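Undergrad: Below you will find the structure I want to go over with you.
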There are 4 protein chains.
Amino acid sequence: MFSASDVRTDLALEAHAAVRGTGPQDIPGVTVNEERGPNVLVTRMEIFTPQAAQLLGKTMGRYVTIEAPALRRRNRQLQEEVAGVLARELAALMNLNPWDEVLVVGLGNWNATPDALGPRVVGGLLVSRHLRAHVPPELANRLRGVAALAPGVLGLTGIETGEIVRGVVDRAAPHAVIVVDALAARSIDRIATTIQLADTGINPGSGVGNPRASITRDNLGVPVYAIGVPTVVHAVTIANDTLDLVASQLQAQEPAWQPLAAMDRERKHSLISQVLSPAVGDLVVTPKEIDVLIRDISRVVAGGVNAAMHPAIGPEEMAIYTDA
Amino acid sequence: MFSASDVRTDLALEAHAAVRGTGPQDIPGVTVNEERGPNVLVTRMEIFTPQAAQLLGKTMGRYVTIEAPALRRRNRQLQEEVAGVLARELAALMNLNPWDEVLVVGLGNWNATPDALGPRVVGGLLVSRHLRAHVPPELANRLRGVAALAPGVLGLTGIETGEIVRGVVDRAAPHAVIVVDALAARSIDRIATTIQLADTGINPGSGVGNPRASITRDNLGVPVYAIGVPTVVHAVTIANDTLDLVASQLQAQEPAWQPLAAMDRERKHSLISQVLSPAVGDLVVTPKEIDVLIRDISRVVAGGVNAAMHPAIGPEEMAIYTDA
Amino acid sequence: MFSASDVRTDLALEAHAAVRGTGPQDIPGVTVNEERGPNVLVTRMEIFTPQAAQLLGKTMGRYVTIEAPALRRRNRQLQEEVAGVLARELAALMNLNPWDEVLVVGLGNWNATPDALGPRVVGGLLVSRHLRAHVPPELANRLRGVAALAPGVLGLTGIETGEIVRGVVDRAAPHAVIVVDALAARSIDRIATTIQLADTGINPGSGVGNPRASITRDNLGVPVYAIGVPTVVHAVTIANDTLDLVASQLQAQEPAWQPLAAMDRERKHSLISQVLSPAVGDLVVTPKEIDVLIRDISRVVAGGVNAAMHPAIGPEEMAIYTDA
Amino acid sequence: MFSASDVRTDLALEAHAAVRGTGPQDIPGVTVNEERGPNVLVTRMEIFTPQAAQLLGKTMGRYVTIEAPALRRRNRQLQEEVAGVLARELAALMNLNPWDEVLVVGLGNWNATPDALGPRVVGGLLVSRHLRAHVPPELANRLRGVAALAPGVLGLTGIETGEIVRGVVDRAAPHAVIVVDALAARSIDRIATTIQLADTGINPGSGVGNPRASITRDNLGVPVYAIGVPTVVHAVTIANDTLDLVASQLQAQEPAWQPLAAMDRERKHSLISQVLSPAVGDLVVTPKEIDVLIRDISRVVAGGVNAAMHPAIGPEEMAIYTDA
């Protein structure tokens, strides 16, 4: 019997696939809806029972996953298409009034390349909350009030990020918060090619239970949306997948090797720990060109958020106000 | 009659010198005390009457100015000496109990070299507020709880920096706040060679009156100390000084030119505006090697703050915990 | 009598204007041709006698100056228009055969913001010399062989840049070299809004005579083109202009002040030295937002060079191969 | 039968250990000598027959490996100790006359964190070749002429790095060249904790045979020394090690599983390809804190090279001339 906890992934889509396996049956408490375009696949999933949430290891809520594997080839036209899809899905998820102000929080550490997605996205936003008093009314009326913050990680600030965000929300009083963060996926192909939106906020450690670290509606008092992009795969996932694959292949060929296929989780973990020792948990796998991939996908996400926040500002005008 | 408002400087020492001029008399409401070493001059000034504050254009309070012109030559030994002086003066000014927690705020824009001092200093701090629960007691007892934040400028966040800091202070509840910022001096020689400490906090626009932008005890409810280093001279200062010098020299040589020396402030401003048009206010003068100077002085300030905050941690151990 | 040597500018256009002054007469040995568009002014100048070269303090050759003051407002559409003009003028100046290979050299120091233009432009190029063996023939036929190098400055390498470039030219054997460099202008308005092309190569110190530092056809054996953008004004220029302006205004108003207007160059230099002491020559004036301006204009120049080098590659396809 | 070609490592020490396995016997054609200190292990290996070179997959020559696992804990004192060991071993390997000039080449791509070691080391060097004419004789006599270059990778320049270096060597005529490069190790523990020196120069692809890419005495005409530090482990190594470990453990427990242990190389490669598809060769494993580790070790290497090149300059004076 398989459980999602074997798979270290921040993507609801991957957790769902892992639990469902190859079986045909649906998982109770989860609805899934796919919209497939020539270059982009959008999957809208809702986890609506606590049982399903526990089974998948994900918070109850709505998740939208945007997959565009060809982003890896750095196609500018596809980048703009994905930004447009992100804008459309984010706007639908948030359903804001035109006058609602929004705070965008870029999580992560700007000193660690794969963790710098959040700060980089924030750096590409059209921040406008302070502008509206100083620009001509015809522009002000077309601009949503957007604020932005890249607070840094606990190791840089000494303060739980959830606490910093809550303090700023208390003073700036936005109607909603968007948090942008780098994720870990199970599959290498997803690095910088998949974007996950959610209306759940962020629970570091998934309910392990440090409430000051959470960035959720419960903690902040306003709706919190999350945008995440996988930028790493944990090394332990690679080792785990290697074991699973060899087990299944051997078993298929020679039924006598049943015992290997049934290798229990404990033994697997012990084996993997020996291979990756002594730094098992902190090892990540990335493509060599990760610096470039993260720069590209950060622009895509910033472009999508900008378009969702300021639908009246066209791309040409947007470029004047941002560093896109 | 001269007024400090002719001089665009953030240094109380320069404002004082400008008002006092070459005359021998003291300025009422100001005490000045100098301690001169072979390489470093420390001047402790107190502005203790509202009249003196208005005359100098500076908030009432205590100011400590550390001058070490030879820092420009990038001498490592002198850098360490200045960091030591800064540590000593800062500790004396703040007079903390060992268990008092401190939040250090690095003001400024990390995307603009001369304005990046604050964020760079914060990046070099031994941030410890979160560590104390996780390190051995013998280390925890020697570490003060220090938190750090580089919130960015209004143009990056859309939120007044004073509001962000207040929100974080409300949540993290430090006993005191230190703000670090890049300053403008009158004299080029001061760039990256002078450090000003003050117990006044920071009033952007010096009382022009945006209370949400202030980072002061009034605004935050806890003592606020400021550390500033000149990183630019305004171009208008260069033009102004050129005019003053030519006027005084000509007058000395040929008394008939008295009218030029008496050139009124309005005409001077009009002349300067023509030279610097159209960007008068936003032009800054820096040495070519400003990137290197700012990196060096940021290390000096971070080193001084670290030593003041954690007197029980020696330099060798400090290096393990910081990126010095 | 005025001479160009009073003005510290790297722009032939400014040297020409300074020498010509307000008089109506043409300068012998120089032809000037202007093409004025709604947003962009292109001036093509040729200096074709040694006397004119000496008078202007510029090498004999062709100079094309592209002026677009509105670039300061960061208009994306104008940026693309200027890149297009640059591509057209560079292609006309170089007049290459489709199979000619080109080496682009980005001069300057990546550690000093205003001097980083050259390295940044090189970072945005579609470098293709090595690709042609590995891409499909239909792409290879549309790509010119372009190589690129950002060698760093003498202080970083210990080797005269001209020597490094010559060594690489000897091995890579390009048909032509383009050098990209940050310039000093006389006027602040030109910072990041003016682009100068020339077929003269680069003579640091303008003939002062360190042949190993030159990057010219004489030194390299192949044609050398220069692309320069002003990123600073020397502080001495600001002081000088202030003096000139005050002198001319005073003289106009009160003829008795003739002596001031006639203030000789020596006295001016002495005054300026006192104002800017001790760092006269190394002080530069920039707008506060110089980091952003240099990033923008570097993209414009890289885009123009890419379009000139690879006319068969459209903007969409270009984006795939570059970091534009 | 095992061969070194199964292990993707750039370290001669790891290749030697893999070939030797657990057996007691020495490998003919290789001498090994260890010097073990409390914190640092130095292994001097010489490969002196073509047969041994082929067996190990390494060029004939002398290799010195410096191992200091505790570097991972960022101990400043140990960093200085390792820099001292590096200086001593490099000086012994190169055996220079005091007047010999040296060119240091930092290989790698500054845009890709784990590949940026070479450029970062070069940025920390005391470059002096150009200074000697301008400094007081008593300093000039104590400075070796050191030049430095970070040419970038083929994808950035379009020119084989070996060609660039040869062109520069032709012009600058150093007596010897040191190349600094990031390596791949087999073991994660070695990342940023092991330094390899060699007198072999660098053969990308280990003799696969692109002579223009080599940086060797044969190619340049002067002695070439290499300094390398592992900054990644290939993901394929992790998968491979996982397979090997499970095979050996299973076999030990249940002899019937002999076939798995004997799984041939082809099947292993096929399995690994499926796990890592589609990017097998370009996936790297790093610790999360790789940005910080590379910054630290780059300083250690730069410090060691500086001390080896300029033995008469003490650490205090060194700091004045470098950005250490």
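The values are calculated or read from the model by the stated rules, or taken from the named source; none is laboratory data. Everything numeric in this text was worked out from a predicted model, so none of it was measured. Here the Cβ is made from the backbone with ideal geometry for all residues, glycine too, and neighbour counts use every protein chain on show.
Undergrad: Examine the range A:139-152 for a residue that is under 17 Å from the mean Cα position of the chain (by Cα) and away from chain B (no Cβ under 14 Å), and state whether such a residue exists.
TA: No: zero hits.
Undergrad: Still on this structure, I have one more. Condition check: surrounded by fewer than 18 Cβ atoms within 10 Å (Cβ to Cβ) and either modelled with pLDDT under 95 or over 30 Å from C:Pro315 (Cα atoms) (or both). Does C:Gly84 satisfy that? Give the steps one after another, and end with the answer.
TA: On the way: surrounded by fewer than 18 Cβ atoms within 10 Å (Cβ to Cβ): yes; either modelled with pLDDT under 95 or over 30 Å from C:Pro315 (Cα atoms) (or both): no.
In short, no.
Undergrad: Quick one: how many residues across the range A:221-243 are more than 14 Å from chain D (Cβ to nearest Cβ) and surrounded by fewer than 22 Cβ atoms within 10 Å (Cβ to Cβ)?
TA: So the answer is 3.
Residues are listed down the side, and each one gets a yes or a no for (1) more than 7 Å from chain D (Cβ to nearest Cβ); (2) within 30 Å of D:Leu126 (Cβ to Cβ); (3) of a type in the set (Lys, Arg):
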{"residue": "C:Ala112", "(1), (2), (3)": "yes, yes, no"}
{"residue": "C:Asp115", "(1), (2), (3)": "yes, yes, no"}
{"residue": "C:Val122", "(1), (2), (3)": "yes, yes, no"}
{"residue": "C:Arg132", "(1), (2), (3)": "yes, no, yes"}
{"residue": "C:Thr157", "(1), (2), (3)": "no, yes, no"}
{"residue": "C:Gly162", "(1), (2), (3)": "yes, yes, no"}
{"residue": "C:His175", "(1), (2), (3)": "yes, no, no"}
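Undergrad: Still on this structure: Within the range D:110-127, is even one residue assigned by TED's automatic domain parsing to the domain that holds D:Leu41, closer than 24 Å to C:Asn109 by Cα, out of contact with any strand residue (DSSP E or B) (no Cβ under 9 Å at 6 or more places or on another chain) and polar (S, T, N, Q)?
TA: Yes: one or more hits.
Undergrad: Hey, any hits in the range C:71-78 for a residue that's away from chain D (no Cβ under 14 Å), within 14 Å of C:Ala302 (Cα to Cα) and in contact (Cβ under 8 Å) with a residue 12 or more places away in the chain? Even if it seems obvious, please write down each step before you answer.
TA: Within the range C:71-78, the subset away from chain D (no Cβ under 14 Å) is C:71-78.
Restricting the remaining residues to those that are within 14 Å of C:Ala302 (Cα to Cα) gives none.
No, the range C:71-78 contains no residue that is away from chain D (no Cβ under 14 Å), within 14 Å of C:Ala302 (Cα to Cα) and in contact (Cβ under 8 Å) with a residue 12 or more places away in the chain.
Undergrad: So which of C:Leu41, C:Leu78, C:Leu55, C:Leu93 is farther than 26 Å from C:Val224 by Cβ and not acidic (Asp, Glu)?
TA: Working: C:Leu41 fails: farther than 26 Å from C:Val224 by Cβ; C:Leu55 fails: farther than 26 Å from C:Val224 by Cβ; C:Leu93 fails: farther than 26 Å from C:Val224 by Cβ.
Of C:Leu41, C:Leu78, C:Leu55, C:Leu93, the one residue that is farther than 26 Å from C:Val224 by Cβ and not acidic (Asp, Glu) is C:Leu78.
Undergrad: In addition: Quick check on C:Thr231: is it at pLDDT 80 or above and within 30 Å of C:Ala70 (Cα to Cα)?
TA: Values: at pLDDT 80 or above: yes; within 30 Å of C:Ala70 (Cα to Cα): yes.
The answer is yes for C:Thr231.
Undergrad: Turning to a different aspect of this structure: Being modelled with pLDDT of 95 or more and β-branched (Val, Ile, Thr) narrows it down to one residue among C:Val146, C:Val153; which is it?
TA: Working: C:Val153 fails: modelled with pLDDT of 95 or more.
After applying the criteria, what remains is C:Val146.
Undergrad: Still on this structure: Need the failing condition index for B:Ser273 against (1) more than 14 Å from chain D (Cβ to nearest Cβ); (2) closer than 25 Å to B:Ser187 by Cβ; (3) within 23 Å of the chain's Cα centre (by Cα), just the number.
TA: With (1) more than 14 Å from chain D (Cβ to nearest Cβ); (2) closer than 25 Å to B:Ser187 by Cβ; (3) within 23 Å of the chain's Cα centre (by Cα) applied to B:Ser273, the lone miss is (3).
Undergrad: Taking the range D:154-167 only, how many residues are surrounded by fewer than 24 Cβ atoms within 10 Å (Cβ to Cβ) and of a type in the set (A, V, I, L, M)?
TA: 2
Yes/no matrix, rows are residues, columns are (1) within 17 Å of the chain's Cα centre (by Cα); (2) under 22 Å from B:Ile188 (Cα atoms); (3) crowded, with 19+ Cβ neighbours inside 10 Å:
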site	(1), (2), (3)
B:His16	yes, yes, yes
B:Gln25	no, no, no
B:Gln54	no, no, no
B:Ala70	no, yes, no
B:Gln77	no, no, no
B:Asp100	no, no, no
B:Gly108	yes, yes, yes
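Undergrad: Restricting the search to the range A:54-81, which residues are among the hydrophobic types (A, V, I, L, M, F, W, C) and modelled with pLDDT under 95?
TA: Going residue by residue through the range A:54-81, those that are among the hydrophobic types (A, V, I, L, M, F, W, C) are A:55-56, A:60, A:64, A:66, A:68, A:70-71, A:78.
If the condition is that a residue be among the hydrophobic types (A, V, I, L, M, F, W, C) and modelled with pLDDT under 95, then A:Leu55, A:Leu56, A:Ala70, A:Leu71, A:Leu78 are the ones that fit.
Undergrad: Now for a different question. Given D:Asp189, D:Asp181, D:Asp170, which one is surrounded by fewer than 22 Cβ atoms within 10 Å (Cβ to Cβ) and either more than 10 Å from chain C (Cβ to nearest Cβ) or under 17 Å from the mean Cα position of the chain (by Cα) (or both)? Before you say what the answer is, go through the steps one by one.
TA: Values: D:Asp181 fails: surrounded by fewer than 22 Cβ atoms within 10 Å (Cβ to Cβ); D:Asp170 fails: either more than 10 Å from chain C (Cβ to nearest Cβ) or under 17 Å from the mean Cα position of the chain (by Cα) (or both).
Going through D:Asp189, D:Asp181, D:Asp170 in turn, just one is surrounded by fewer than 22 Cβ atoms within 10 Å (Cβ to Cβ) and either more than 10 Å from chain C (Cβ to nearest Cβ) or under 17 Å from the mean Cα position of the chain (by Cα) (or both): D:Asp189.
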